[in-house]
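The values are calculated or read from the model by the stated rules, or taken from the named source; none is laboratory data. On a predicted model such as this, the values are computed, not experimentally measured, just so you know. Don't worry about glycine lacking a Cβ; one is built from the backbone with ideal geometry, like all the others, and counts go over all protein chains shown. Accessible surface is based on the protein model in full, side chains and every heavy atom, while ligands, DNA and RNA are left aside. Shrake-Rupley method; radii C 1.70, N 1.55, O 1.52, S 1.80 Å.
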Amino acid sequence: MEDVEDQSVSKSETLKQYVATICVSLGAICTGCVLAWTSPVLPQLVEENIITSDQEGIVGSLLALGSLISALPAGYLADKFGRKKTLISLAIPFLLNWIFIVFANGAVMLFIARLFAGIGAGAMCVCAPMYVGEIAEASIRGALGSFFQMFISAGILLTAVFGSFLSWFYLSIFLGVFPIIFAISMFFMPETPFHLVKIGNLSEAGKQLKYFRGETYKHVDTELQEVEKLVEEANANKAGIKDLFASRANRKAIISGIGIMIFQQFSGINAVIFYTVTIFQSAGSALSPDLATIIVDAVQLGAALCSVVLIERANRKFYLRLSSLGMCVCLAALGVYFNLQRNGVTASGLGILPLASLVLFIVAFSIGFGPVPWMIMSELFVPEIKGVASGLAVMTNWLSVFIVTFAFPLMNTNLGGHITFYIFSVIMIIGTIFVQFFVPETKGRTVQEIQEILNR
């Protein structure tokens, strides 16, 4: 929503926006926890014969399938029932996930649990950024918007740390506390002014807008008028699937937006997050797999923080190319390591290569293909197709997660680690070429300028 910037707003008057964003971002911690849970837990489950090695891929990939199911309906539910109520309700699938895991007596219950985890994670990725975007004023919207990814990284690190010394059973009980904390926190947060305007409750919208901006905020009426205008435009410009291909610009935007989402996931990022411990166990590194995982996840959190500062200092395509080439080199290095290991080659210091490769891989991902595809997606699509096109892109992203996380353990077992990582490395070469020739530069350009580029 378009905010009227008020230079007199003090830090104390933005405090409630930060508090609300932190409360919403506790849902991102829940998401990070279910994303990373497989890394320390799968080896234990296989060792205890609760699942077989062939079922590891199913446990990992069902989260993506659940997310694929919930991504599109989440936006509809948030519109119908409100952002706040929908977010609170997402604690239910997260809790069901942990309940099914704690009482699991076989693979089927774990499959059901992971499906619930995916339903919660997919909807959270839609609703939480929506809530933050609708409460934040223009001057701090970028900073608040970065909280979601940082808290996901925090959830991943939290799971790695506690997963290093807790059994899968007690780890799952511990992580089951966070959906409860999230729901309680959100209960005390107000609905977004945007949604209140959308349902015609202008008086309550003004009240909540003043809550978020502070009692001294003098532009409530002006900002509400801006929100009303946005709501009218959103209602007037609704589009269907056929409108996505109605013009050359729309077609090229769809190809670009969906393409970078596919390459984001086919970099293997979620395979690395889901199976970090398994990768280090296979590598036979001198470092403890759990310690190596904690290091990798801590680097991911640090890189997510750094990317917030660096992302606006260069063009989008520069970061995408740098990211894909960096990941290509790191994945190839992992392939070389596993190939040397397969051939019985040993050398002093070689054991550090898997850790160094994964750390640099995470850094390369975080400066480009992590945040930029989401930024470009919001810039490529004109308002009349943005809802449908964004939903399609998010679904494609989660479908790609499902494919990669399902295929990775099977590829690793049947082809070997060397071939598996060589394949991902080649995919990133293709991704670099795709970025160069199919993705337009969007930084610093208006919607009209981007459309002119796409129409060429």
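Regarding Cys125, is this residue open to solvent by less than 40 Å² (accessible area, probe 1.4 Å) and of a type in the set (A, V, I, L, M, F, W, C)? Full working, then the answer.
Numbers: open to solvent by less than 40 Å² (accessible area, probe 1.4 Å): no; of a type in the set (A, V, I, L, M, F, W, C): yes.
Spelling it out, it is not the case that Cys125 is open to solvent by less than 40 Å² (accessible area, probe 1.4 Å) and of a type in the set (A, V, I, L, M, F, W, C).
Pairs needed: first member in region 306-326, within 12 Å of Phe369 (Cβ to Cβ) and open to solvent by less than 70 Å² (accessible area, probe 1.4 Å); second member anywhere, modelled with pLDDT under 80 and among the basic types (Lys, Arg); C-beta distance under 7 Å; at least 6 residues apart or different chains.
Filtered contacts from region 306-326: Arg316/Lys443.
Going by the structure shown, is Gly106 open to solvent by less than 50 Å² (accessible area, probe 1.4 Å), farther than 23 Å from Lys210 by Cβ, free of Cβ contacts under 8 Å to residues at least 60 places away in the same chain and not aliphatic (A, V, I, L, M)?
Details: open to solvent by less than 50 Å² (accessible area, probe 1.4 Å): yes; farther than 23 Å from Lys210 by Cβ: yes; free of Cβ contacts under 8 Å to residues at least 60 places away in the same chain: yes; not aliphatic (A, V, I, L, M): yes.
In short, yes.
So if I check each of Leu157, Leu166, Leu209, Leu175, which one is open to solvent by less than 10 Å² (accessible area, probe 1.4 Å), closer than 30 Å to Leu110 by Cβ and touching a helix residue (DSSP H, G or I) at 6+ places or on another chain (Cβ under 7 Å)?
Details: Leu157 fails: open to solvent by less than 10 Å² (accessible area, probe 1.4 Å); Leu166 fails: open to solvent by less than 10 Å² (accessible area, probe 1.4 Å); Leu209 fails: closer than 30 Å to Leu110 by Cβ.
One residue alone meets the criteria, Leu175.
Return yes when Lys198 is under 16 Å from Tyr131 (Cα atoms), open to solvent by 30 Å² or more (accessible area, probe 1.4 Å) and modelled with pLDDT of 80 or more and no when it is not. Don't jump to the end; show me each part of the working.
Numbers: under 16 Å from Tyr131 (Cα atoms): yes; open to solvent by 30 Å² or more (accessible area, probe 1.4 Å): yes; modelled with pLDDT of 80 or more: yes.
Against the criterion (under 16 Å from Tyr131 (Cα atoms), open to solvent by 30 Å² or more (accessible area, probe 1.4 Å) and modelled with pLDDT of 80 or more), Lys198 qualifies.
Could you tell me whether region 380-392 includes any residue that is at pLDDT 85 or above, touching a Gly at 6+ places or on another chain (Cβ under 9 Å) and open to solvent by 10 Å² or more (accessible area, probe 1.4 Å)? Break it down into steps so the answer makes sense when it comes.
Filtering region 380-392 for residues at pLDDT 85 or above gives none.
No: zero hits.
From the list Thr432, Thr405, Thr442, Thr396, pick out the single residue that is crowded, with 24+ Cβ neighbours inside 10 Å, closer than 20 Å to Ile258 by Cβ and within 22 Å of the chain's Cα centre (by Cα). Don't jump to the end; show me each part of the working.
Values: Thr432 fails: crowded, with 24+ Cβ neighbours inside 10 Å; Thr442 fails: crowded, with 24+ Cβ neighbours inside 10 Å; Thr396 fails: crowded, with 24+ Cβ neighbours inside 10 Å.
Sole residue among the options that is crowded, with 24+ Cβ neighbours inside 10 Å, closer than 20 Å to Ile258 by Cβ and within 22 Å of the chain's Cα centre (by Cα): Thr405.
I'd like to verify a number: residues in region 263-293 that are surrounded by fewer than 19 Cβ atoms within 10 Å (Cβ to Cβ) and modelled with pLDDT of 80 or more, how many?
Residues that pass the stated criteria total 1.
Checking Ser61 against (1) under 19 Å from the mean Cα position of the chain (by Cα); (2) modelled with pLDDT of 85 or more, which test does it fail?
Condition (2) is where Ser61 drops out.
Would you tally the residues in region 212-221 being out of contact with any helix residue (DSSP H, G or I) (no Cβ under 9 Å at 6 or more places or on another chain) and of a type in the set (A, V, I, L, M, F, W, C)? Walk me through how you get there before you give the answer.
Residues of region 212-221 out of contact with any helix residue (DSSP H, G or I) (no Cβ under 9 Å at 6 or more places or on another chain): 218.
If we keep only those that are of a type in the set (A, V, I, L, M, F, W, C) too, we end up with none.
Residues that pass the stated criteria total 0.
Given the condition open to solvent by 10 Å² or more (accessible area, probe 1.4 Å) and either modelled with pLDDT under 90 or of a type in the set (S, T, N, Q) (or both), answer yes or no: does some residue in region 87-97 qualify? Walk me through it before giving the result.
So the first thing to find is which residues in region 87-97 are open to solvent by 10 Å² or more (accessible area, probe 1.4 Å), and the list is 88-90, 92-93, 95-96.
Adding the requirement that they be either modelled with pLDDT under 90 or of a type in the set (S, T, N, Q) (or both) leaves 89.
Yes: one or more hits.
Consider Cys23 carefully, then state whether it is touching a Leu at 6+ places or on another chain (Cβ under 6 Å), modelled with pLDDT of 90 or more and not small (Gly, Ala, Ser). So that I can check it myself, show each step before the final result.
Numbers: touching a Leu at 6+ places or on another chain (Cβ under 6 Å): no; modelled with pLDDT of 90 or more: yes; not small (Gly, Ala, Ser): yes.
No.
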